[in-house]
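Reviewing the structure listed below.
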Amino acid sequence: MLNSGMVDKFRRWIEVSDKIVLTCHVRPDGDAIGSTLGMMHLLQSLGKRANVVVPDQPPRSLAFLPGFKDICIYTRHEEYSRRLMSEADLIICSDFNKLSRQDHLAGLTEAATAKKVMVDHHQAPDDFCDLSFSYPDMSSASELMFRIIAAMGCYTEMNIDSATCICTGIITDTRNFSVNCKNPDLYEVLMRLLEKGVDKTKIVKEALLTQSLSSLKLKAYALSQKMEIFERWHGAVTTLDGEELKRFNYERGDTEGLVNEPLNVQGIYYSFFLREDEDCVKVSARSINDFPVSKICEDLYGGGGHLMAAGAEFKGSLEDCRRILIDALPNYLKYLPARPKKVE
Ligand code: MN
């Protein structure tokens, strides 16, 4: 499945490198952190000096991962990040395929003289690496990282710390094997990780299920008080303003997953969540049955994304943002199934 010439080249570059940096995208998620830390542990067991440098603070839900507290966070340790990046012989760019996805760290990656290797699973990669493993069919960068490690013949050297991080990346990107998990081979990867002693139950609990009490209450409030259901239009719109966010001590990530909740109701085909931010309204949209929320985000707010998972930033008031959406929704009813299910 992997190109063996590329794997050999990567392996040789690792062999001749002493200082290796692993890096990922801004607002790093379980896959970004899992794939970089997973490879870091492997490289350390091969005797390399390996460090993970990330653009900004990773979520607390990943703090259980071995090596988490040694991650160098650019927004906190700018000088140290600069040194690690400029002194590196090899930089592994995981879970992103455009420098702009690194935000303020992009300049350091670009300026670094190290050889760069991309390990990624997003569509349409940019050409900024010397070697690019780009496999959009993979569930996660972590799955791809595992396959590269195995293809290099390093499965034996993989320890439980490495396996735990890699497994976390796969579990978070597939939401515990409920999306992007059609490929039967993925379960062989899972089997190989479990054989290393990985505690899957703990990973699911820590990385996917655990949330703060205020986050749970904020989501419960949003769904019970602020979700509008448009039965005839088969959609849901949920809004939260700045005052409400403050009341529930909102922190970044607290409304994660909220936009998906209305889609669990039969007859609801799309869901919008509008959150008042400091200088804009953050719009996020999800749908089922190929209802094109990306088109709505683009038409109304100049945003975009995937067909069924899209977003935008609206410069204006929350109420204007909501009004524009509600007024426009009837124009998109043609994208619903011919006989949509009743909302109930
Ligand atoms: Mn990913």
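The values are calculated or read from the model by the stated rules, or taken from the named source; none is laboratory data. Just so we're clear, the structure is a prediction, and the values are computed from it rather than from any experiment. Heads up, the Cβs are rebuilt from the backbone with ideal geometry, glycines too, and the neighbour counts pull from every protein chain shown. For the accessible areas, the whole protein counts, side chains as well, though only heavy atoms, and no ligand, DNA or RNA atoms are used. Shrake-Rupley method; radii C 1.70, N 1.55, O 1.52, S 1.80 Å.
Some observations on this one:
- Test result for L42, crowded, with 18+ Cβ neighbours inside 10 Å, in the same structural domain as P125 (by TED's automatic domain parsing) and assigned to a helix (DSSP H, G or I): yes
- Pick from the range 156-181, criterion in a loop (DSSP other than H, G, I, E, B) and more than 16 Å from the ligand (Cβ to nearest atom), ranking: least open to solvent (accessible area, probe 1.4 Å): M158
- K196 meets all of the listed conditions (1) basic (K, R); (2) open to solvent by 70 Å² or more (accessible area, probe 1.4 Å); (3) in contact (Cβ under 8 Å) with a residue 24 or more places away in the chain; (4) away from the ligand (no atom under 16 Å from the Cβ) but one, namely (2).
Conditions (1) away from the ligand (no atom under 16 Å from the Cβ); (2) closer than 14 Å to K116 by Cα, marked per residue:
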| position | (1), (2) |
| --- | --- |
| N3 | yes, no |
| D8 | yes, no |
| K19 | yes, yes |
| T23 | no, yes |
| L37 | no, no |
| N51 | yes, no |
| D56 | yes, no |
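- Output for the range 14-36, where each listed residue is more than 22 Å from K98 (Cβ to Cβ) and in a helix (DSSP H, G or I): I14, E15, V16
- Sole residue being away from the ligand (no atom under 15 Å from the Cβ), open to solvent by 40 Å² or more (accessible area, probe 1.4 Å) and farther than 18 Å from F10 by Cβ, chosen from S81, S100: S100
- Per-region count, the range 124-154, residues within 16 Å of the ligand (Cβ to nearest atom), more than 17 Å from F10 (Cβ to Cβ) and in contact (Cβ under 8 Å) with a residue 24 or more places away in the chain: 4
- Selection from the range 52-73 of residues that are in a helix (DSSP H, G or I), open to solvent by 20 Å² or more (accessible area, probe 1.4 Å) and closer than 21 Å to D254 by Cα: R60, S61, F68
- Scanning the range 205-218 finds no residues that are in contact with a helix residue (DSSP H, G or I) (Cβ under 6 Å, 6 or more places away or on another chain) and free of Cβ contacts under 8 Å to residues at least 40 places away in the same chain.
- Residue match in the range 62-73 (condition: assigned by TED's automatic domain parsing to the domain that holds D126, more than 16 Å from the ligand (Cβ to nearest atom) and among the small types (G, A, S)): yes
- Single residue of the range 128-148 satisfying the filter (surrounded by fewer than 24 Cβ atoms within 10 Å (Cβ to Cβ) and among the aromatic types (F, W, Y)) that is farthest from the chain's Cα centre (by Cα): F128
- Qualifying residues in the range 249-275 (those that are assigned to a loop (DSSP other than H, G, I, E, B) and more than 21 Å from P58 (Cα to Cα)) - the one most open to solvent (accessible area, probe 1.4 Å): Q266
- Test set (1) open to solvent by less than 70 Å² (accessible area, probe 1.4 Å); (2) among the acidic types (D, E); (3) more than 16 Å from the ligand (Cβ to nearest atom) - D95 fails condition number: (3)
- Some residue of the range 210-232 being within 16 Å of the ligand (Cβ to nearest atom), open to solvent by less than 40 Å² (accessible area, probe 1.4 Å) and modelled with pLDDT of 95 or more: no
- The numbered conditions (1) open to solvent by less than 50 Å² (accessible area, probe 1.4 Å); (2) away from the ligand (no atom under 16 Å from the Cβ); (3) in contact with a Ser or Thr (Cβ under 6 Å, 6 or more places away or on another chain); (4) assigned by TED's automatic domain parsing to the domain that holds G67 are all true for A114 except (3).
- Only listed residue being crowded, with 16+ Cβ neighbours inside 10 Å, farther than 24 Å from R60 by Cα and of a type in the set (G, A, S), chosen from A328, A310: A310
- Matching residues, the range 97-117, being part of a helix (DSSP H, G or I) and of a type in the set (A, V, I, L, M): L99, L105, A106, L108, A111
- Scoring D120 on the criteria (1) within 15 Å of the ligand (Cβ to nearest atom); (2) touching a residue at least 40 places away in the same chain (Cβ under 8 Å) leaves a single failure, condition (2).
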